[in-house]
Each structure stands twice: as structure tokens, then as C-alpha cells.
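Data block below; observations after.
The values are calculated or read from the model by the stated rules, or taken from the named source; none is laboratory data. Please read these numbers as outputs of a predicted model, since none were measured by experiment. Here Cβ is always computed from backbone atoms with ideal geometry, including for glycine, and neighbour counts include all displayed protein chains. Accessible surface areas use protein heavy atoms only, side chains included; no ligands, DNA or RNA. Shrake-Rupley method; radii C 1.70, N 1.55, O 1.52, S 1.80 Å.
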Amino acid sequence: MTASIRKVAIVGGTHGNELTGIYLVKKFQQFPELLHRSSFECETLLANPQAIALNRRYIDRDLNRCFATEDLANLELTGYEDLLAKEIANRLGDKDRPKFDVIIDLHSTTSNMGLTILPSSRQPFNFRMAAYLTTLHPDVRVACGVRCSQDDPMLRTLSLLGCTIEVGAIAQGILDVALF
Ligand SMILES: [Zn+2]
């Protein structure tokens with residue numbers, strides 16, 4: 001599987017008040033050459049535009065809990081984030097038909113998590129990527145608990161490969177230049 005990585009998605013603003021990822025994605029959108037690589041394509045996405053505009057975590061419901069397979073298929077769920085999750089799944093691909101090989105979802109947290117990698121699944125690629133990142137920065141930690149699976153309702157579960165990155169501690173609605 002890992003031999004065929006062609007498309008990578010970098011997502012910020014799944015939570016609209018977590019500015020580190022939002023501003024990173026904005027920077028990548030302004031300077032797309034930062035993401036140019038010879039062996040794969042990289043696209044960026046600001047996941048929750050209305051929540052970002054209002055500097056709020058979400059409008060109706062936590063977007064990062066809207067990606068359960070049964071909820072994506074449930075046409076009766078019509079809140080702002082429910083519809084947004086369906087749109088994002090359409091763009092990034094459903095769990096069983098991913099359009100992106102790797103999804104990286106950027107978050108920040110008020111908890112003292114440093115730079116924590118939360119792999120999307122227990123695929124060896126994810127652990128190799130996390131191990132590599134620990135060699136680049138001494139603050140990188142890896143957490144793979146019970147939620148390290150595609151059964152969860154998080155955006156990252158749209159692909160088996162990838163991770164959430166949590167940085168903190170940082171207050172919501174604040175951009176910390178060192179963490180950025
Ligand atoms: Zn978050």
C-alpha cells in the first residue's frame with residue numbers, strides 16, 4: 001500500500017478556533033511551492049470555514065465527530081457540520097474509497113501535549129512516519145490508543161494512512177509563534 005502514495009491532504013480548521021493548523025494551511029495556500037514534492041501531490045483544505053470565520057470550535061456539532069460511516073450515509077443529518085462532513089468525504093473520498101492516500105489533520109489543544117502524533121490506524125507506514133518525525137524534533141510524541149482505528153468518527157479516519165497532529169498547550173483563538 002505504501003508504495004503507491006500519490007496524493008496527500010493537509011487539513012486545518014477542523015476545529016475553527018485552533019489557529020496553528022489554520023494559519024499553516026493558509027501559509028501553504030499562499031506559498032504552494034512549500035508543498036511541492038517529486039513523488040506525490042499535496043492539497044490543502046480548511047475544513048470548517050464558518051467556524052473559522054467566527055473563531056469557534058464548531059457551529060452546530062463537532063465536525064471531528066461527524067465522520068462515522070453510518071452518519072455519513074444518514075441523509076437525515078442536515079446540521080451545518082453534518083452536511084460539511086459529507087462534502088469533505090466526497091472531496092477526500094469515503095473510508096472504503098479514499099481519493100487521498102494520506103490525510104494529515106492539524107489541531108491545537110489547551111492540554112500540554114507538546115507535538116503529539118495520533119496515527120489514523122496501526123498501519124506500519126504511520127508508525128514509520130511518526131518515528132521519523134521524532135528524529136526531527138525532540139518534542140514529538142506518539143499516542144496510539146483505542147481510537148487508533150478507522151471505526152472512529154474523526155476526519156482523519158477517511159484514510160488509513162496519516163495522522164492528527166495536536167500541538168499545545170495553547171489557548172484557543174491564539175496563534176503562538178513558537179508552535180507555529
Ligand atoms: Zn481540534
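Summary of values
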| read-out | value |
| --- | --- |
| Phe31 open to solvent by 70 Å² or more (accessible area, probe 1.4 Å) and among the aromatic types (Phe, Trp, Tyr) | yes |
| Answer residue from the range 23-51, given it is within 16 Å of the ligand (Cβ to nearest atom) and in contact with a His (Cβ under 9 Å, 6 or more places away or on another chain) and is nearest to Lys99 (Cα to Cα) among those | Ala47 |
| Residue list for the range 161-179, restricted to those being under 22 Å from Ala9 (Cβ atoms) and either within 9 Å of the chain's Cα centre (by Cα) or away from the ligand (no atom under 15 Å from the Cβ) (or both) | Leu161, Gly162, Cys163, Thr164, Ile165 |
| The range 79-107 - residue that is among the aliphatic types (A, V, I, L, M) and away from the ligand (no atom under 16 Å from the Cβ) and, of those, surrounded by the most Cβ atoms within 10 Å (Cβ to Cβ) | Val102 |
| Members of the range 101-118 that are in a strand (DSSP E or B) and within 24 Å of Leu160 (Cβ to Cβ) | Val102, Ile103, Ile104, Asp105, Leu106, His107, Leu115, Thr116, Ile117, Leu118 |
| Breaking point among (1) within 16 Å of the ligand (Cβ to nearest atom); (2) surrounded by 21 or more Cβ atoms within 10 Å (Cβ to Cβ); (3) of a type in the set (S, T, N, Q), for Thr110 | (2) |
| Residue check, Gln150 within 14 Å of the ligand (Cβ to nearest atom), in contact (Cβ under 8 Å) with a residue 40 or more places away in the chain and either more than 26 Å from Asn55 (Cβ to Cβ) or polar (S, T, N, Q) (or both) | no |
| Residues of the range 146-174 satisfying the condition of being open to solvent by 20 Å² or more (accessible area, probe 1.4 Å), in a loop (DSSP other than H, G, I, E, B) and either touching a strand residue (DSSP E or B) at 6+ places or on another chain (Cβ under 7 Å) or over 17 Å from Asp105 (Cα atoms) (or both) | Val146, Ala169, Ala171, Gly173, Ile174 |
| The range 9-28: number of residues that are of a type in the set (S, T, N, Q) and crowded, with 24+ Cβ neighbours inside 10 Å | 1 |
